Amino acid sequence: MTGHGAATRVDIDQLRARHRIEDVVAASGVELHPTGRSLMGCCPFHDDRTASLSVGGVPDRFHCFGCGASGDVIDYVARLHGLSFRGAVEHLDHAPIAPTTPPVAQRPEARHRFVDVPVERAYAVNLLAWEHWTRPVNHAFALAYLRHYRGIDLHPAETVRGDRLVGHTGTAWASMTNHLARHGVATDELVALDLAHATRRGTLIDTMRGRLVVPVRDEDGHITGFLGRDTTGDPRAPKYRNPTRTEVFDKATMLYSPQPLTPTNDPVVVVEGPLDALAVTAAAAATRIPVMACTASGVAVTPTQADRVAALSPGRPVLVALDGDAAGREGATRWVDLLHGRLGHPVRVVDLPDGRDPADWIAHHGPHALGDLLARARHPAPPAGRHHCPDPAQQHEPMRPQL
């Protein structure tokens, strides 16, 4: 293309083909690292210290997960040099072809050996991760996602708690890994706590990406691990993710609750998933219905988890409100067997309509439906082969919250 005449579509397509986006970005001084199907580097358009710029993940395009800048090679040059579209086209038309620059591999240790991370150190590292995932932009995204896509308004609950209940990982490949490394967290510690893992190319990337995250805490409030719920809609991504077993996290013993895991006089409701626990907590705060929601994150339950739930509700019935499907009903039976059959702890079961979970129910009917949900609690059916005679005075008495 010469002069200032209008460029044809063929001219622009040829221009894009001659100037590969990867080569132009590398030639502008950005060090690119291979991560999965794309290249990552520090974005030149904002103060980026976490390698938020993805290049080539979508062919011939760039995207920054930090500031949102995106486009093709012409958009990149225009933004980099402050040019108009026409000016960027002319700049590229007169520029030499950028040399093909091989990406620079990051250099974590080729083999990450498992190390025993001291318990107090594990708590400290997990806290750093949580602080990163609850930065204002991440926290705002998490709240907006819950409000717009799941009908869960956490603002009243967070106001009551005076703390942030949810965060978001963002979608960058190594944002949290790089953040913790800058705070002195060793590669082996990141891997041992399942906060990061090595790719086949030897680069270290975040274990959780594109996920809403909630912290799993022990009775003393220490963060032992995180549960992550996919927000990308990628059918290849598992819906939920929890850490593998670490020095401080064990799926077989963990309980998640948005509230402190200390004994309470309020009704304790066992739900199936973290979003159900958040929905119940949000509705309780909005309606001032005193209730604690907790989950073992799924339908599976162990004796240790049942012991912990019983300890939260001394002398009061535990309400089991799992999803209204076959898996949820089977899970509810296991909770009843462990709590009532094994421990002799009083239990009530909340039956939900087919295909509904507590989060769906509350989102559809509104926060005040929490009271109706609790009032649906019934005595569990006696196990096959046993004859259980409940107290006649309570046999038909629904479980109602104390307002």
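In this structure, does E90 turn out to be assigned by TED's automatic domain parsing to the domain that holds S28, of a type in the set (D, E, K, R) and modelled with pLDDT of 75 or more? It is true that E90 is assigned by TED's automatic domain parsing to the domain that holds S28, of a type in the set (D, E, K, R) and modelled with pLDDT of 75 or more.
Within the option set G228, G202, G221, G170, being at pLDDT 95 or above and assigned to a loop (DSSP other than H, G, I, E, B) holds for one residue only, G221.
Of all residues assigned to the range 149-157, at least one qualifies as being among the small types (G, A, S), outside any helix (DSSP H, G or I) and either under 30 Å from R20 (Cβ atoms) or modelled with pLDDT of 95 or more (or both). Note on the range 291-316: residues that are more than 18 Å from E272 (Cβ to Cβ) and within 21 Å of the chain's Cα centre (by Cα) amount to 0. Scanning the range 134-154 for residues that are of a type outside the set (K, R) and surrounded by 14 or more Cβ atoms within 10 Å (Cβ to Cβ) gives T134, N138, H139, F141, A142, L143, Y145, L146, G151, I152, D153, L154. Taking the range 274-300 as the range and being assigned to a loop (DSSP other than H, G, I, E, B), touching a strand residue (DSSP E or B) at 6+ places or on another chain (Cβ under 8 Å) and more than 19 Å from A327 (Cβ to Cβ) as the test, only V291 passes. For the range 312-339, a residue qualifies if it is touching a His at 6+ places or on another chain (Cβ under 8 Å) and among the hydrophobic types (A, V, I, L, M, F, W, C), and the qualifying residues are V318, L339. Across the range 201-256, the qualifying residues are those that are under 12 Å from the mean Cα position of the chain (by Cα) and among the aromatic types (F, W, Y), and the one among them that is nearest to L275 (Cα to Cα) is Y240.
Of everything in the range 365-378 that is touching a residue at least 12 places away in the same chain (Cβ under 8 Å) and outside any loop (DSSP other than H, G, I, E, B), the residue that is surrounded by the most Cβ atoms within 10 Å (Cβ to Cβ) is L370. When the range 173-199 is filtered for residues that are of a type in the set (A, V, I, L, M), part of a loop (DSSP other than H, G, I, E, B) and more than 17 Å from N138 (Cβ to Cβ), the ones remaining, listed by number, are V185, A186, L193. Under the condition of being crowded, with 19+ Cβ neighbours inside 10 Å and either farther than 17 Å from R217 by Cβ or in the same structural domain as A157 (by TED's automatic domain parsing) (or both), the residues counted in the range 301-316 number 4. Return yes when G355 is farther than 18 Å from Y256 by Cα and assigned to a loop (DSSP other than H, G, I, E, B) and no when it is not. For G355, the condition - farther than 18 Å from Y256 by Cα and assigned to a loop (DSSP other than H, G, I, E, B) - is met.
Counting just the residues of the range 213-240 that are crowded, with 17+ Cβ neighbours inside 10 Å and in contact with an Asp or Glu (Cβ under 8 Å, 6 or more places away or on another chain), which one comes out nearest to V137 (Cα to Cα)? Only one residue fits best here, namely G225. Within the range 54-65, residues that are within 18 Å of R79 (Cα to Cα) and of a type in the set (D, E, K, R) sit with their Cβ atoms under 9 Å from residues that are in a loop (DSSP other than H, G, I, E, B) and at pLDDT 85 or above, at 6+ positions apart or across chains, in these pairs: D60/R20; D60/D72; R61/D72. Against the list (1) within 18 Å of the chain's Cα centre (by Cα); (2) modelled with pLDDT under 95, the condition A186 fails is (1). Screening V309 against (1) touching a His at 6+ places or on another chain (Cβ under 9 Å); (2) farther than 21 Å from H379 by Cα; (3) outside any loop (DSSP other than H, G, I, E, B); (4) of a type in the set (V, I, T) leaves a single unmet condition, (2).
Within the range 344-363, the set of residues being touching a residue at least 24 places away in the same chain (Cβ under 8 Å) and within 26 Å of the chain's Cα centre (by Cα) comprises L352, G355, R356, D357, P358, A359, I362, A363.
Taken over the range 188-231, the residue count meeting the criterion of being closer than 13 Å to F249 by Cα and of a type in the set (V, I, T) is 3.
Residues being of a type in the set (S, T, Y) and surrounded by fewer than 16 Cβ atoms within 10 Å (Cβ to Cβ): count how many of those fall in the range 319-339. Summing the residues that are of a type in the set (S, T, Y) and surrounded by fewer than 16 Cβ atoms within 10 Å (Cβ to Cβ) in the range 319-339 gives 0.
Rundown of residues vs (1) aromatic (F, W, Y); (2) in a helix (DSSP H, G or I); (3) modelled with pLDDT of 75 or more, yes/no style:
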residue: A6; (1), (2), (3): no, no, no
residue: D13; (1), (2), (3): no, yes, yes
residue: D23; (1), (2), (3): no, yes, yes
residue: P34; (1), (2), (3): no, no, yes
residue: M40; (1), (2), (3): no, no, yes
residue: C43; (1), (2), (3): no, no, yes
residue: D47; (1), (2), (3): no, no, no
residue: H63; (1), (2), (3): no, no, yes
residue: C67; (1), (2), (3): no, no, yes
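Just so you know, in the range 286-300 the residues that are surrounded by fewer than 22 Cβ atoms within 10 Å (Cβ to Cβ) and among the aliphatic types (A, V, I, L, M) include one that is farthest from R229 (Cα to Cα), and it is I289.
The values are calculated or read from the model by the stated rules, or taken from the named source; none is laboratory data. The structure displayed is predicted, hence computed values, not measured ones. With ideal geometry, Cβ positions are generated from the backbone for all residues, glycine too; neighbour counts draw on all protein chains shown.
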